[in-house]
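**Student:** The structure that follows is given in the form of structure tokens.
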């Protein structure tokens, strides 16, 4: 039975008590100050984050939005099963909300859990359009106080400018946050770091970073630090509904009061597990239980995984107790052949019987039915509340294990595990998650396997699936009534949180039929994950990286039911990012010469104009078109005009290949219209955070080399020697 069908059948008793839950909001602008600088932000009902929406299974949720902005906007219901025309993706299945217009969403609530809603237009999430959603089982009795905690990231820069900066320089924000991986720091980290860097360079992989953007602040419920008063009822513990509503950030969450108990992931119940530190990827949600302490205010801290900052929520009244500091990661010891950002030492902190070490792969070996024949049975909770046990405690499975969390109101929340229970030091993937009930897909349906390689080019900031962006390959076709398995392989040095609209999928792990259901899954750098789902919908649903900057540069597909798809080339063109072409201007102004380069590029094509000249009688002008086959190879053709020291003008046509060689050396192999061949090599070395060395040489025995002192992420002082123009000192900058 599919998850959606199960929800519909479970809904029948709730219909008798159902109601229509209505909200009405304006989408507009307000002034906020997150960093000491007042800025204009986007807001729903004049709030950032937007108001939390609440409803029960069986209700109809009706929400009306009035667009008070001067641009289009939209609202997507992240993780919620609903009719396709209510999903909120502009043009694909819901029309955008035009300036001055209004739109009412209305759909039945089929399942409970923690979810969120946000704009799906341009980069409006980054500017404040997001809020939480709490859906409850009908007539359920909450035995614990609870709090929604919505994490987000903030930059005072306009999001369009952030994206433009990412396109201009691959280390623009690395320099800003002090994460440039210069050679002096490589050497300072010893032989392992040196070996890692050389191995990466030989395989043509540049230095990695865990986050693209240097953020000015990280927020929890709209502030960098806030306090939740002690609940009126002294329950001894509290339920926190954690939502990562960030544009691109991942967090490691830790609580000052000790381990947290994870009870749900992406709105779906899981067997309770205790974790000291929890990795929450962009767009995921987790429900956790935390202990309270009389007379103490305990910090829940969410630290960005690149170590550049955190947000805090203090829970309770009294003395403030800080959560542990999290040291920033050592990027110099993370190589392309490692499971980067993942903890390899996942043995429980306290010995327990039943929680094996975390493999850190996000994969499981499955047979043709999607089961793991070697999955070991795990201890399951006994029915009831206080007597429920946690994974890692000594308790045998019971007949009640097959109980479904959606077939009846849930039992009271389990109590915290005793001190001898297993505690996972750092939960960074999904291997420890066990669904509360079997999640197997329908038997007898045919299987479709879809292989998607997560690909990208950090230097040009282009992200894609199978080497092709959404503009080039917008659609993946499936059929209703199939079981669909996605094989996701990350060929990049970045984390990618992938989200499927309109469906829950199984993240296949070692727990076989109890593999957890989710709607968003992280695929770690150079890692692999397998997900699978029942194709029980129709028409078209988005599948994309939820890092908005990755999505807006190509890591995006439409999953289409081929028998009912409404996707046309015109619609595919409308759902593409609003900006296709990006420009870069770079000046090199020296005492002996000047060099100006202008590039206009999209994901596959670029046009280059370059002018070299001295102050009297020598110049070279280049005008080229480039086609980028992949991140390592581009073809080019164009014209070159030059005059050297009162010689006659010399115009030639040239064509060739640009190839990135091992050790990150750029090579140009070209042939001109006179049949003359030339090879040119060039490279840049970042010696320290501020000192760099660059060089260029070709087989005509022309060369240029020099040192740069970086003043900012745009400006450098430079000293260069050139065979044509001689020695010079000056400045180099780009915009």
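The values are calculated or read from the model by the stated rules, or taken from the named source; none is laboratory data. A quick note: this is a predicted structure, and the numbers were derived from the prediction, not measured. Ideal geometry is used to build each Cβ from the backbone, glycine not excepted, and the neighbour counts take in all protein chains shown.
**Student:** Answer yes or no: is there a residue in the stretch 546-568 that is out of contact with any helix residue (DSSP H, G or I) (no Cβ under 8 Å at 6 or more places or on another chain), within 29 Å of residue 704 (Cα to Cα) and at pLDDT 95 or above.
**Tutor:** Scanning the stretch 546-568 turns up no residue that is out of contact with any helix residue (DSSP H, G or I) (no Cβ under 8 Å at 6 or more places or on another chain), within 29 Å of residue 704 (Cα to Cα) and at pLDDT 95 or above.
Quick grid of which residues meet (1) farther than 20 Å from residue 485 by Cβ; (2) in the same structural domain as residue 705 (by TED's automatic domain parsing):
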position	(1), (2)
531	no, no
539	yes, no
548	yes, no
554	yes, no
589	yes, yes
593	yes, yes
599	yes, yes
624	yes, yes
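**Student:** Let me ask you something else. Got at least one residue in the stretch 649-658 being outside any strand (DSSP E or B) and either on the phi > 0 side of the Ramachandran plot or modelled with pLDDT of 95 or more (or both)?
**Tutor:** Checking the stretch 649-658: not a single residue is outside any strand (DSSP E or B) and either on the phi > 0 side of the Ramachandran plot or modelled with pLDDT of 95 or more (or both).
**Student:** Here is a further query. Just for the stretch 24-62: of the residues that are surrounded by fewer than 20 Cβ atoms within 10 Å (Cβ to Cβ) and over 30 Å from the mean Cα position of the chain (by Cα), which one is nearest to residue 226 (Cα to Cα)?
**Tutor:** For the stretch 24-62, the residue satisfying everything is 24.
**Student:** Okay, moving on. Test residue 363 against the stated conditions and say whether it is touching a strand residue (DSSP E or B) at 6+ places or on another chain (Cβ under 7 Å), at pLDDT below 50 and either under 25 Å from residue 490 (Cβ atoms) or not in a loop (DSSP other than H, G, I, E, B) (or both).
**Tutor:** It is true that residue 363 is touching a strand residue (DSSP E or B) at 6+ places or on another chain (Cβ under 7 Å), at pLDDT below 50 and either under 25 Å from residue 490 (Cβ atoms) or not in a loop (DSSP other than H, G, I, E, B) (or both).
**Student:** Can I ask one more? Is it the case that residue 601 is out of contact with any helix residue (DSSP H, G or I) (no Cβ under 9 Å at 6 or more places or on another chain), at pLDDT 95 or above and within 17 Å of residue 472 (Cβ to Cβ)?
**Tutor:** In short, no.
**Student:** Among (1) in contact (Cβ under 8 Å) with a residue 24 or more places away in the chain; (2) over 28 Å from residue 174 (Cα atoms); (3) in contact with a strand residue (DSSP E or B) (Cβ under 9 Å, 6 or more places away or on another chain); (4) not in a strand (DSSP E or B), there is one condition residue 727 misses while meeting the rest; what is its number?
**Tutor:** In the conditions (1) in contact (Cβ under 8 Å) with a residue 24 or more places away in the chain; (2) over 28 Å from residue 174 (Cα atoms); (3) in contact with a strand residue (DSSP E or B) (Cβ under 9 Å, 6 or more places away or on another chain); (4) not in a strand (DSSP E or B), residue 727 misses (4) alone.
**Student:** Further question on the same structure: Could you please give the count of residues in the stretch 222-241 that are modelled with pLDDT under 95 and in a loop (DSSP other than H, G, I, E, B)?
**Tutor:** Number of matching residues: 8.
**Student:** Filter the stretch 179-189 down to the residues that are in contact with a helix residue (DSSP H, G or I) (Cβ under 9 Å, 6 or more places away or on another chain) and farther than 18 Å from residue 526 by Cβ, then identify the one that is surrounded by the most Cβ atoms within 10 Å (Cβ to Cβ).
**Tutor:** Once the filter is applied, the top-ranked residue is 179.
**Student:** Also, quick follow-up: For the list (1) assigned to a loop (DSSP other than H, G, I, E, B); (2) in contact with a helix residue (DSSP H, G or I) (Cβ under 9 Å, 6 or more places away or on another chain); (3) within 16 Å of residue 283 (Cβ to Cβ), I need the number of the one condition that residue 153 fails.
**Tutor:** (1)
**Student:** Return a yes/no flag: does the stretch 414-434 have any residue that is touching a helix residue (DSSP H, G or I) at 6+ places or on another chain (Cβ under 7 Å), modelled with pLDDT of 95 or more, assigned to a loop (DSSP other than H, G, I, E, B) and closer than 30 Å to residue 139 by Cβ. Let's see the steps before the verdict.
**Tutor:** Here is the first cut: in the stretch 414-434, the ones touching a helix residue (DSSP H, G or I) at 6+ places or on another chain (Cβ under 7 Å) are 434.
Filter once more, keeping what is modelled with pLDDT of 95 or more: 434.
Filter again for assigned to a loop (DSSP other than H, G, I, E, B), leaving 434.
Filter again for closer than 30 Å to residue 139 by Cβ, leaving 434.
Yes, there is a match, as at least one residue in the stretch 414-434 is touching a helix residue (DSSP H, G or I) at 6+ places or on another chain (Cβ under 7 Å), modelled with pLDDT of 95 or more, assigned to a loop (DSSP other than H, G, I, E, B) and closer than 30 Å to residue 139 by Cβ.
Conditions (1) surrounded by 24 or more Cβ atoms within 10 Å (Cβ to Cβ); (2) farther than 29 Å from residue 229 by Cα; (3) outside the structural domain of residue 546 (by TED's automatic domain parsing), marked per residue:
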{"residue": "96", "(1), (2), (3)": "no, yes, yes"}
{"residue": "104", "(1), (2), (3)": "no, yes, yes"}
{"residue": "109", "(1), (2), (3)": "yes, yes, yes"}
{"residue": "115", "(1), (2), (3)": "no, no, yes"}
{"residue": "118", "(1), (2), (3)": "yes, no, yes"}
{"residue": "124", "(1), (2), (3)": "no, yes, yes"}
{"residue": "136", "(1), (2), (3)": "no, no, yes"}
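**Student:** Anything in the stretch 29-56 that is closer than 22 Å to residue 74 by Cβ and not in a strand (DSSP E or B)? List them, or say none.
**Tutor:** 45, 46, 48, 49
**Student:** Looking at residue 197 and the list (1) touching a strand residue (DSSP E or B) at 6+ places or on another chain (Cβ under 9 Å); (2) farther than 20 Å from residue 47 by Cβ; (3) outside any loop (DSSP other than H, G, I, E, B), which single condition is not satisfied?
**Tutor:** Status for residue 197: all satisfied but (1).
**Student:** So, in the stretch 464-483, exactly how many residues are in contact with a strand residue (DSSP E or B) (Cβ under 6 Å, 6 or more places away or on another chain) and more than 17 Å from residue 500 (Cα to Cα)?
**Tutor:** Adding up the residues that qualify gives 2.
Per-residue answers, yes or no, for (1) farther than 17 Å from residue 284 by Cβ; (2) in a helix (DSSP H, G or I); (3) touching a strand residue (DSSP E or B) at 6+ places or on another chain (Cβ under 6 Å):
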| site | (1), (2), (3) |
| --- | --- |
| 100 | yes, no, no |
| 104 | yes, no, yes |
| 110 | yes, no, no |
| 116 | no, no, yes |
| 122 | yes, no, no |
| 125 | no, yes, yes |
| 131 | no, no, yes |
| 134 | no, no, yes |
| 139 | yes, no, no |
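**Student:** Also, quick follow-up: Can you tell me which of (1) surrounded by 23 or more Cβ atoms within 10 Å (Cβ to Cβ); (2) within 17 Å of the chain's Cα centre (by Cα); (3) assigned to a loop (DSSP other than H, G, I, E, B) is the one residue 509 doesn't meet?
**Tutor:** (2)
**Student:** Going by what's in this entry, would residue 692 be described as more than 23 Å from residue 731 (Cβ to Cβ) and surrounded by 16 or more Cβ atoms within 10 Å (Cβ to Cβ)? Explain how you work it out, then say what you get.
**Tutor:** Details: more than 23 Å from residue 731 (Cβ to Cβ): no; surrounded by 16 or more Cβ atoms within 10 Å (Cβ to Cβ): yes.
In short, no.
**Student:** Which number in (1) free of Cβ contacts under 8 Å to residues at least 24 places away in the same chain; (2) touching a helix residue (DSSP H, G or I) at 6+ places or on another chain (Cβ under 7 Å); (3) over 23 Å from residue 608 (Cα atoms) marks the one condition that residue 662 misses?
**Tutor:** Only one criterion in (1) free of Cβ contacts under 8 Å to residues at least 24 places away in the same chain; (2) touching a helix residue (DSSP H, G or I) at 6+ places or on another chain (Cβ under 7 Å); (3) over 23 Å from residue 608 (Cα atoms) is unmet by residue 662, namely (1).
**Student:** So if I check each of 211, 220, 256, which one is crowded, with 17+ Cβ neighbours inside 10 Å, touching a residue at least 60 places away in the same chain (Cβ under 8 Å) and over 26 Å from residue 33 (Cβ atoms)?
**Tutor:** Values: 211 fails: over 26 Å from residue 33 (Cβ atoms); 220 fails: over 26 Å from residue 33 (Cβ atoms).
Of 211, 220, 256, the one residue that is crowded, with 17+ Cβ neighbours inside 10 Å, touching a residue at least 60 places away in the same chain (Cβ under 8 Å) and over 26 Å from residue 33 (Cβ atoms) is 256.
**Student:** Out of curiosity, is residue 699 exposed (fewer than 14 other Cβ atoms within 10 Å of the Cβ) and under 31 Å from the mean Cα position of the chain (by Cα)?
**Tutor:** In short, no.
**Student:** What is the residue count in the stretch 670-711 for residues that are out of contact with any helix residue (DSSP H, G or I) (no Cβ under 8 Å at 6 or more places or on another chain) and closer than 13 Å to residue 180 by Cβ?
**Tutor:** So the count comes out to 5.
**Student:** What's the number of the condition residue 700 fails, among (1) closer than 22 Å to residue 590 by Cβ; (2) in contact (Cβ under 8 Å) with a residue 12 or more places away in the chain; (3) in a strand (DSSP E or B)?
**Tutor:** (3) is the only condition that residue 700 fails.
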